[in-house]
Every structure is written in C-alpha cells, then in structure tokens.
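Single-structure report; data block below.
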Amino acid sequence: MLGEYLIAGRRAVEIAASVEQAVAEGGLEPGQLLPPMRELAGRLGVNPNTVAAAYRTLRERGVIETSGRRGSRVRSRPATTGREYIRVEVPEGARDLAVGNPDPALLPRLAEAFEAAAEQGDREPVLYGAAAVEPELARIARADLDADGVPDGPVAVTSGSLDAIERVLAVHLKPGDTVAVEDPGWGSVLDLVPALGLRVVPVGVDDEGPLPDDVRGALEGGARALIVTDRAQNPTGAAVSAARARALRSVLAQHPETLLIEDDHGYRIVDQSLHPLAGGTRSWAFVRSVAKAYGPDLRLAVLTGDAVTVDRVRGRQRLGPGWVSLLVQRAVVRLWSGGAVDAEAVAAAYGRRRDALIGALARRGVEAHGVSGMNVWIRVPDETGAVARLLHAGWAVAPGARFRMSAPQGIRITVSTLTEEEIGRVADAVASAIGPGAGAGYV
C-alpha cells in the first residue's frame, strides 16, 4: 500500500507531519491510499484516537480526504504540493513568458510616494490602537467602488487579494464545505481552498466569465461559496460581460445563502467595464488589489462586503497581523490620488500586445483567448509536449496544469513584456509546437 515509505510518529502532530512531509517529497503520491486508522495505530504502537486526530489534522489542512468505508487517501491535488511547483525552469538565454508579472516599465515610481508617507509618519507616528484603515484610502476606494456599481459596504485593507480571499473563506466556512471555483482559474486559489480543508468544485469559464449552468449545478449540488474573477481572469483573460453578469445574478438570486467572493485584481490595467455580481446574496466580498497596476511588492488590497463579513475579517486581523502598514496605505493614497498610473494607457499597452499575439496566432491557424489583462490562454492537445518544445525553441510558457482541474489542457503566455518584434516569432513557435487547428474553446 505504501511501498517503501513508512509513516512515523508517536503523537498526532508527529504522525501528521510525517505524512505531510512524505506528500511534499513524493514518498506518498496523490490518490495513494493510507492505512486504516486501527492498522496504523497497531504498527506505531499508539492509541487509534491518536491516528484519528492526525488524520483529522491532515484533512483540515487539505492533504488527505476521507470517503467513508473506502478509507483515507492523499488528495489528488494536496495542499502541500502547491501549483507554484508546477513551473518551468527557465534556462539562460530563454525568454520568460511564464511568470505572470506586470511590465516593470508600466509600473509607477514609488520613491516620492513613500517619502511623503514616511514624512507624515514622522510627524504623526502610528502607534498601537491607531485606526487600521487610512481614512483617505477608504474614501478614495469607496468612491471608485461606487462609480463601478459595487454595493455599499464598509472597507477593510488586507495584504493582497489572496489574503482577503483566505480571510473571507475562513470566517464563513468550516472544513468539509464546498467552494465553487473557476476552471481554468488562478492556481493560488486552487491551492488555497483545499489547504483550508474545503472541497473544490470546478466551474467552467469562457471569454465572458463563469458558465451560468455550471454555477447553477455547483450551487444546487451544495457549494456554499463561489469565487469569481471579474476581469483579467487568470489564466484565460476572461471578463464578465453585462449579459453574463445578469445571468449569474439570476442564478445567485436562487441561492441567497451563497458566500460570493469577487476578485477584481485587474483594476486599472483593463479597459473593460466592471459588471459586479454582488447584491443578490446575504454574504459577499469584493476585493481590489494594487499589485498589477502599482507593483506586486506593495501587498495591499481593498476589501468591501456586507457588514458582517467585513467585521469578521477585521476582528480576525486584530488577533493576527493587526493591520496593514499605514505607511504602505498612505503611499498608495498618493499613488492613486496623484495619477501615478495612467490606467487607460496601461490597459491599451497590454491590450495591443495581447491582441497582436492572438491575431498572429489566428493567422497561423491557432485559436487563442484573452479579452482582458496580460495573459493569453491556448488549448493544446499535449501541454507537457508543447511546453517542452517551446522551451527548446527559446520560449518559456506556463503549463496549464497550474491552473486547471478538469478543464482541457492548455498553456498560458504572459504578454506583459512582449515586444512588437517578438510577436511573430512567438506565434511561429507556438504554431510549430502545437500544430494548426489547436486551441479551440475552453470546455
């Protein structure tokens, strides 16, 4: 059953750590069956309750899953084998189109904003007990949210989008609950949900966002939460259209107890209008980060939602990090209010590169997708082979396995730093690697 690997430990924490280490190192593979609790207890010479406690910990961490009489097995995508490890090692001389970063040339200079924020901090030192949210940041953020039709709600600040999503899930759900997520979708979310001990149900995506029938099926099947990327969906570039938003709101109206989480990480780098879904469910959260437009290292996202959700998140923050640095918040205020980023110009730059690559691929008989953001998604018959052939040709792209569960195979190309001279060469390499006629559709 376990091959050469022997689970070790006398205490529950030691047994759990032994299993988790084995999963991370490959000694226990995804889908591998673990010994029955009484059998393992006998081997280790411990009480069966000790093994039961270890297995419970592993389930809550998203490492294993239990199916009644069929026993416990390593999850097909355990939390300890994060999708970030499914990456391409970029050799010297190859062009990296896999990492997903924004174009540094389109990011604002930060020195002046941080200098002004630091000077304010010198005049008015931030001490324990200070407000967790900079009032001017809340005001600017709320004004933009109002302009985009996001329902009214209090504002909190988190350390990026993923931090906000994790906190919202944690304050509403319990281990074993099911969350509907986009497929293909953001690999970090696909790792995060099982790491919280939650179950994942995939929802298909096309250029206009999540498929309403898939969402309906997931919610009717018992999913308690739905995570949607409104624009610049990673990896497909999908953007929720007005018609799709109406259809999804209609589905959500039939399931008002659903926890809805919307991620608008593409804020200020896309030219598509926002069509928010919030308003039809009792519990909801809407997240906007500054990573793509102002720089990943700022680690700041604005969160709004219903009063209960935001209050719970704030309360949990107080017991952990306390607050996101007011120095960072004040710097972001200066970047936002000072026009450090020309959002239209940034969106246009990414759009030109994205559309140029999609057009070049189309002329070579390859269908690609990406209506917003900085990524292009291409269906392929064999992503491992395609990635290897492209790497051999000098182009590193992201394998679709990082972003999908049951969705067909694909590759993601980040266009953020592609030059006009490179477009044709990339398209030639992709067409050669996967062949004409590939890339059609998502599902």
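By how many nm would the segment from residue 174 to residue 21 lengthen if fully extended, with 0.36 nm per residue of separation less the alpha-carbon distance?
Extending this stretch completely gives an extra 52.6 nm.
Using Cα-Cα distances under 8 Å and only pairs 6 or more residues apart, what relative contact order does the chain have, in percent?
After rounding, I find 18 percent.
Name the long-range amide H neighbours of residue 64: under 5 Å, sequence gap of 5 or more, or other chain; modelled H, no Pro or chain starts.
For residue 64, the qualifying residues are 59, 75.
Show me 311-322, 359-370 ranked by packing, highest mean number of other Cβ atoms within 10 Å first.
Answer by packing, highest mean first, reads 359-370, 311-322.
Between residue 428 and residue 392, what is 0.36 nm times their sequence separation minus the Cα-Cα distance? Round to one decimal in nm.
11.6 nm
Please work out the Cα center distance from segment 140-198 to segment 374-412, rounded to the nearest Å.
27
What order do you get for 193-202, 241-250 when each peptide is scored by the mean count of other beta carbon atoms within 10 Å, highest first?
Per-residue Cβ counts within 10 Å, averaged per peptide and sorted highest first, yield 193-202, 241-250.
Hey, what does the equivalent ellipsoid look like for segment 278-351, semi-axes from the Cα gyration tensor as sqrt of 5 times each eigenvalue, largest first, whole Å?
26, 18, 10
Can you figure out the FRET efficiency of residue 254 with residue 116, using R₀ = 45 Å and their beta-carbon distance, to the nearest 0.05?
With R0 = 45 Å, the Cβ-Cβ based efficiency is 0.35.
Give the Rg (one decimal place) followed by the Dmax (whole number) of the chain, computed from C-alpha coordinates and expressed in Å.
In Å, with Rg to one decimal and Dmax whole: 23.0, 67.
Kindly write out, for segment 113-126 in residue order, the coupling ³J(HN,Hα) from the Karplus curve 6.51 cos²θ - 1.76 cosθ + 1.60 (θ = phi - 60°), rounded to whole Hz, with x marking Gly and Pro.
5, 6, 5, 5, 5, 5, 5, 5, x, 5, 6, 10, x, 7
Sort largest first and round to whole Å: the equivalent ellipsoid semi-axes of segment 12-74, each the square root of five times a Cα gyration tensor eigenvalue.
Over the Cα atoms of segment 12-74, the semi-axes work out to 16, 13, 11 Å.
For residue 95, what residues show an amide H to amide H distance below 5 Å, using hydrogens built from the backbone and excluding near sequence neighbours?
Amide H to amide H, under 5 Å and 5 or more residues apart or across chains, residue 95 pairs with 395, 396.
Provide the gained length on full extension for the span residue 105 to residue 273, in nm with one decimal, where the gain is 0.36 nm per separating residue minus the Cα-Cα distance.
The span from residue 105 to residue 273 would gain 58.0 nm if fully extended.
Assuming a viscosity of 0.692 mPa s and a temperature of 37 °C, what translational diffusion coefficient in µm² per second does Stokes-Einstein assign to segment 111-337, Rh being the Kirkwood radius over Cα pairs?
Roughly 184 µm²/s, to the nearest whole number.
Taking the Cα atoms of segment 127-185, what is the range of coordinates along each of the three principal axes, in descending order and whole Å?
Between the extreme Cα coordinates on each principal axis of segment 127-185 lie 38, 33, 19 Å.
Could you compute the FRET efficiency for residue 419 and residue 32, with r as their C-beta to C-beta distance and R0 at 45 Å, rounded to 0.05?
Approximately 0.45, to the nearest 0.05.
Putting +1 on Lys and Arg Cβ atoms and -1 on Asp and Glu Cβ atoms, find which of 309, 336, 374 reaches farthest to the positive end of the dipole of segment 254-394.
Final value for the positive-end residue is 336.
How large is log10 of I(q)/I(0) for segment 144-219 at q = 0.18 Å⁻¹ when the intensity is taken from the Debye formula with one equal scatterer per alpha-carbon?
Here log10 of I(q) over I(0) equals -0.91.
Can you pull the one-decimal nm distance between simple spin-label points at residue 8 and residue 282, each 7 Å off the Cα toward Cβ?
For the pair residue 8/residue 282, the computed spacing is 5.0 nm.
Quickly work out the residue 70-to-residue 123 label distance, labels modelled 7 Å from Cα along the C-beta direction, and quote it in nm with one decimal.
Going by the 7 Å Cα→Cβ label model, 6.5 nm.
With a/c under 1.5 counting as rounded, go ahead and sort segment 316-356 into rounded, prolate or oblate using the C-alpha gyration tensor (a ≥ b ≥ c being the square roots of the eigenvalues; past the cut-off, prolate if a/b is larger than b/c, else oblate).
Oblate is the answer for segment 316-356, as a/c is 1.5 or above yet b/c matches or exceeds a/b.
Suppose we keep just the DSSP beta bridges with both residues in the chain; what percent of those would be antiparallel, to 5?
Looking only at bridges with both residues in the chain, the antiparallel portion is about 55 percent.
Rule-based calculations on the coordinates, nothing more; no lab input. These numbers were taken from a predicted model, which means no experiment stands behind them. Methodologically, a virtual Cβ is constructed for each residue, glycine included, from the backbone with ideal geometry; neighbour enumeration extends over all protein chains shown.
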